[in-house]
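Taking it in order: structure first as structure tokens, then the write-up.
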Amino acid sequence: MLFQELAETYERLEATSSRLEMTEILAESFRLFDPTDIKMATYLTQGQLYPDFHPLKLGMADKMLLKAITFASGAKESEVQVLMLREGDPGLVAQEIISRKRQTTLFSEPLTLRRTYETLEAIAKAEGGGSQDLKIKLMSKLLSDASPSEAKFLSRIITGRMRLGVSSMTVLDALAVAFATKEDRDAVERAFNVSSDLGLVAEEMALHGLEGVTRIKVEVNRPLRAMLAERMSSPEDILEKLGGTCAFEYKYDGVRVQAHISRGEVRLYSRKLDDLTSQFPDVVAGLKRAFAAENAIVEGECVPVDMNTGEFLPFQEVSHRRGRKYGVEEAVEDYPVKLCLFDCILKDGEDLLSRPFLERRKVLESCVTEDDSVVLSEMRVLSSAEEAQKFFLEAIKEGCEGLMAKSVADNSVYRAGNRGFLWIKYKKEYRSEMNDTADLAVVGAFAGRGKRKGVYGAVLMATYDVQADRFQTVCKLGSGFDDANLASLLEMLAEDRMAERHHLVDSKMTADFWFQPRLVLEVRGAEITLSPIHTCAFGAIRKDAGLAIRFPRFTGRFRDDKEGREATTSQEMLVMYQAQLKQVE
Ligand code: AMP
């Protein structure tokens, strides 16, 4: 299959922001593509070479890409740079320069999808001395054989700017439509949730249809998508929702870890499926000691502890352990952690996903020997709101965020990748109407003035509307930042810059800068109010108003474990607003 076919699909996808149209375009293309190429096509559509959990990532700095464009086209470096300053998007630069190029390349080889993919793979793998030159050479060879449109998408893919707005969920919709029926969508999503591998699901669908995806099972060393929780604001409501009795656990404030154990080897994955193994050698060693099973997949929260008192410390302490390449040993000593296990998904080859929660807990208890570094989560099965409230206060006193309530009904399965009422979080902020925190996505920014000249003065924050797949603004955030935060904000947002408002963002405000909604910040607010200029849950309470956070303040916590779409949802904001009203009454 030619890469051009894929580029044509991208052109069509780029021209629409309707999820329905995107699904149709993708489904149509999937049917036409060669089934053996569909895996590669799916990864590239997501701007990736492999599934999220694969440690090897594709990435090239703009500067290197511009060099490759220069080599490929014979254009002057200054010409390319001027264009980059004007466009801000290396994709458009490549497209323009390649189309200006005189048609003199007599021996250009056609770009097959396989060749394109394998070259990008070689670029990702190149390391060590001379690798920069090699990467530029490989990229420029691809570009010199590319059409302007192909060059645009290649450049976006390699610089991490493939922003077609095609979510994994849209790809799953399209796969169901292309190779089965709309009604089979759930089975396709299940396969993705247990494998986290969109390419694999696409390939199985293309080659073997529904039968292929139903064969996809949980496997050790292939992380599954995490089960998520809804939120409620009182133990009474929670107990009622969960049928009168449920398991309450401490809600630890740390980093979620999915551990895959196989014959004494341990791999750790984050909630976003990044490989954390090398950053937590102490947790790896602790799990090796604690585990009796031949193989297992377990989940828990990694919480920072005070090595002298054994008490839990605030979350920020554990963030010192994330993203380190060097100094891991020192960090282990300076910021010790404890792993509090709360679920078991597989043991000795047996998939426990469809077992009720208490059975999974029993299996977990049977194979773990607790010590200082690995423990089971504190859990109590309760039917009384009063006792739940007492347990909640105990959790807070211990330094936890609150409680997690878990259904113990027969259907309390592990729902990979799903948010639902089988798990309900009950956090301390919800008790006080003026003290909520929300995790919001940065969608825009305003130029700084006075002391903030040269950095952002404020950022435009949004919730995520799950039903509509849109980001809706909820506040303009300017407080709570120190100089260091502001500087890192500038850096972190650089790669998300867009020339105009992202098509998934609903905003009545006009920001000075717009971003791809990716970065999530934790924000504390004084109050949630109605506002005509914010679009969060617009019309839900009053026809002409949305919800807004009053006096928002950045808590200092960059939620880099969350993606844009994992921001607090507009629906949750509505629940928070209503809960707040109840408490005021
Ligand atoms: P939130 O990040 O506020 O949406 O809350 C969900 C997160 O709470 C999960 O992703 C876990 O990282 C964390 N958590 C802490 N304790 C537990 C527990 N006992 N059971 C499940 N999740 C927990």
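So the values come out like this:
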quantity	calculated
Gain in span if fully extended, residue 132 to residue 526, counting 0.36 nm per residue against the direct Cα distance	136.9 nm
With Cα atoms, 0 to 90° folded angle of helix 281-290 axis to the chain main axis	50 degrees
Net dipole in debye of the chain [+1 Lys, Arg Cβ; -1 Asp, Glu Cβ; about Cα centre; nearest 20]	1420 debye
Length added when fully stretched, residue 358-residue 384, from 0.36 nm per residue minus Cα-Cα	7.5 nm
Area of residue 45 that stays accessible when all protein chains are in place (1.4 Å probe, Å², to 10)	10 Å²
Inter-site label distance for residue 211 and residue 187 at 7 Å from Cα along Cβ, in nm	1.1 nm
Most positive-pole-ward Cα, 198, 284, 75, against dipole of the chain from beta carbon charges	75
Label-zone membership for segment 535-549, site residue 509, 7 angstrom Cα→C-beta point, backbone N under 12 Å	535-536, 548-549
Per-residue HN-Hα couplings for segment 475-492 [Karplus 6.51, -1.76, 1.60; θ = phi - 60°; Hz; x = Gly/Pro]	5, 9, 10, x, 9, x, 9, 9, 4, 5, 4, 5, 5, 6, 4, 4, 5, 5
Reachable lysines, given that their alpha-carbon falls under 26 Å from the alpha-carbon of residue 425 and they are not under 8 places away in the same chain	241, 251, 272, 338, 362, 390, 397, 406, 562, 582
Magnitude of the charge dipole, segment 180-304, Cβ model with Lys/Arg +1 and Asp/Glu -1, debye to 20	300 debye
Furthest towards positive pole of dipole, 166, 516, 99, structure part the chain, Cβ charges	99
Accessible area of segment 27-73 divided out per residue, in Å², using a probe of 1.4 angstrom	42 Å²
Cα-centred dipole magnitude for segment 228-431, charges only on beta-carbon of K, R (+1) and D, E (-1), debye, nearest 20	640 debye
Distance between modelled label sites at residue 467 and residue 351, nm, 7 Å Cα→Cβ extension	3.2 nm
Euclidean distance of C-alpha centroids, segment 315-359 and segment 185-237, integer Å	21 Å
Sequence-distant residues sharing a close amide H with residue 224 (under 5 Å, placed H)	none
Considering only the chain, percent of DSSP beta bridges that pair antiparallel, nearest 5	85 percent
For residue 527, distant residues with modelled amide H under 5 Å away	550
Estimated FRET transfer efficiency (residue 8, residue 278; beta-carbon r; R0 41 Å; 0.05)	0.50
Relative contact order (%) - segment 437-579, alpha-carbon pairs under 8 angstrom, separation at least six	30 percent
Shape category assigned to segment 228-431 from the gyration tensor of Cα positions, a/c cut at 1.5	oblate
Given charges at Cβ of Lys, Arg, Asp, Glu: the chain dipole, positive-most of 15, 218, 66	66
For residue 534, distant residues with modelled amide H under 5 Å away	546
Phi to ³J(HN,Hα) by Karplus 6.51 cos²θ - 1.76 cosθ + 1.60 over segment 209-214, Hz, x for Gly, Pro	x, 4, 4, x, 6, 5
Tail beyond 32 Å, pair distance distribution of the chain (Cα, percent)	51 percent
Apportionment of accessible area to carbon and sulfur, the chain, percent (1.4 Å)	49 percent
In sequence order, calculated HN-Hα J values of segment 354-365 (Karplus, 6.51, -1.76, 1.60; Hz; x Gly/Pro)	9, 7, x, 3, 5, 5, 5, 4, 4, 4, 4, 4
MRE, 222 nm, helices only [DSSP H, n ≥ 4, -39500 (n - 2.57), over the chain, to nearest 500]	-11500 deg cm²/dmol
Contact order normalised by residue count of segment 29-124, Cα under 8 Å, 6+ apart, percent	32 percent
Relative contact order (%) - criterion: Cα under 8 Å, at least six apart; region: the chain	12 percent
√(5λ) per eigenvalue of the Cα gyration tensor, segment 437-579, largest first, Å	23, 16, 14
Per residue solvent-accessible surface (Å²) - segment 149-228, probe of 1.4 Å	31 Å²
FRET efficiency estimate (nearest 0.05) - Cβ-Cβ, residue 495 to residue 79, R0 22 angstrom	0.40
Alpha-carbon gyration tensor eigenvalues x 5, square-rooted, for segment 140-199, Å	31, 12, 10
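The values are calculated or read from the model by the stated rules, or taken from the named source; none is laboratory data. Nothing here was measured: the structure is a model prediction, and the numbers come from that model. Every residue, glycine among them, receives a Cβ derived from its backbone with ideal geometry; neighbour counts consider all protein chains shown. Ligands, DNA and RNA are stripped out before the accessible areas are found, and what is left, the full protein with its side chains, is counted by its heavy atoms. Shrake-Rupley method; radii C 1.70, N 1.55, O 1.52, S 1.80 Å.
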